[in-house]
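Since the structure comes first, as C-alpha cells, the remarks are kept for the end.
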Amino acid sequence: MPPKTKFTKEEIISAALEVVRTKGSEGLTAREVAAVLGVSTRPIFTYYASMDDLRRDVYIAAKDIHKEYIRNGLQQKIPFLGVGLQYIAFAKEEPELYKLLYLTKPDGVTGGAMESLKMSQDMVRDSIMSIYNLDSFTADCYYRDLWLTVYSFATMIVTGESGFTEEQMSAVLSELSLSVCKAYKEIPGLPYGDYDKDAIFRELVKK
C-alpha cells in the first residue's frame, strides 16, 4: 500500500502561489514548492504528472484571486470605478500574480489581458447601463476605454514605472469617465464609428 500523502492538492497549489509571489513565475519549480512545504518533491508528483500541470492550476488559482478583487470593486458606490481601482490594487498587492496573468502568454489555459477585459466587462455592464442610461454596446465601449487606462496604470506599477498616486489615478479615471460619457451622449453614432470626425474636430478647435 502506498504511503499516505501528507499534503492536499490545495496546499500544494497554495505553496506554489507563494513561490510565484516571492520568486516570480520563472522561479516556480518542484524544489521551491517542496521547500515551502518542508518536504521532498515526492508529494507534489503524487498529484501532478508534471510541473506544467501544476503551473496550470496555479494560473487558475491566480485568476480566482483576481476575481475576488473585482467582486470587491462591484460592492463600491460606483461599481465600474470600484472595479478599476481594485484592478490597480491587485497590481500593487500581487505584482507577481499580475505579471503571471497579464504580462505573460497563457500556456495551456485560457487567460490574458483580453480575457480579463471581457470578464470584468460582463460583470459591470448592467451597472453602467443603469447608472449612465446607455445601451449594452455603448456601455461595453465605455468600460473598454476606461479599462485600457486602468491596464496601463497597473502595468506601469508592476514594472516600476508609475509615479502616480492613488488620488492622481482616480482623478484621471474620473476625467476620462466624464469625457467619454459626455462624448457618447452628445455625438450620435460615436461608439459605433458612425460620425463625422473631421467636422466635429473643426467645431471643437474653434472654441
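So, with +1 on the Cβ of K and R and -1 on the Cβ of D and E, and no other charges, what is the size of the charge dipole of the chain about its Cα centre, to the nearest 20 debye?
320 debye
Over all pairs of distinct alpha carbons, what does the Kirkwood formula give as the hydrodynamic radius of segment 133-207, in Å?
After inverting the mean inverse Cα-Cα distance, the result is 14.1 Å.
According to a simple spin-label model (label point 7 Å from Cα along Cα-to-Cβ), what is the distance in nm between residue 22 and residue 118?
Distance between the two pseudo-spin positions: 3.6 nm.
I'd like the carbon and sulfur percentage of the solvent accessible area for segment 89-183, probe radius 1.4 Å, heavy atoms only, ligands and nucleic acids excluded.
Carbon and sulfur: 56 percent of the exposed surface of segment 89-183.
Quick check for me: using +1 on Lys/Arg Cβ and -1 on Asp/Glu Cβ, what's the dipole size of segment 49-166 about its Cα centre, in debye to the nearest 20?
Its charge dipole is roughly 120 debye.
As I understand it, the dipole of the chain uses +1 on the Cβ of Lys and Arg and -1 on the Cβ of Asp and Glu, about the Cα centre. Which of 159, 38, 143 lies farthest toward its positive end?
Of the options given, the answer is 38.
By how many nm would the segment from residue 92 to residue 136 grow when fully extended, if each residue of separation counts as 0.36 nm and the alpha-carbon distance is taken off?
12.8 nm
Which value, in Å² rounded to 10, gives the accessible area of residue 129 with a 1.4 Å probe and all protein chains present?
60 Å²
Calculate the FRET efficiency for residue 170 and residue 201 from the Cβ-Cβ distance with a Förster distance of 22 Å, rounded to the nearest 0.05.
0.15
May I ask you to compute the full-extension gain from residue 65 to residue 8, defined as 0.36 nm times their residue separation minus their alpha-carbon distance, rounded to one decimal in nm?
Fully extending the segment from residue 65 to residue 8 adds 18.6 nm.
The values are calculated or read from the model by the stated rules, or taken from the named source; none is laboratory data. As the structure is a computational prediction, the values presented were derived from the model and not from experiment. Quick reminder, even Gly has a Cβ in these numbers, built from the backbone with ideal geometry, and neighbours come from all protein chains shown. We work out accessible area using only protein heavy atoms, side chains counted, and drop any ligands, DNA or RNA first. Shrake-Rupley method; radii C 1.70, N 1.55, O 1.52, S 1.80 Å.
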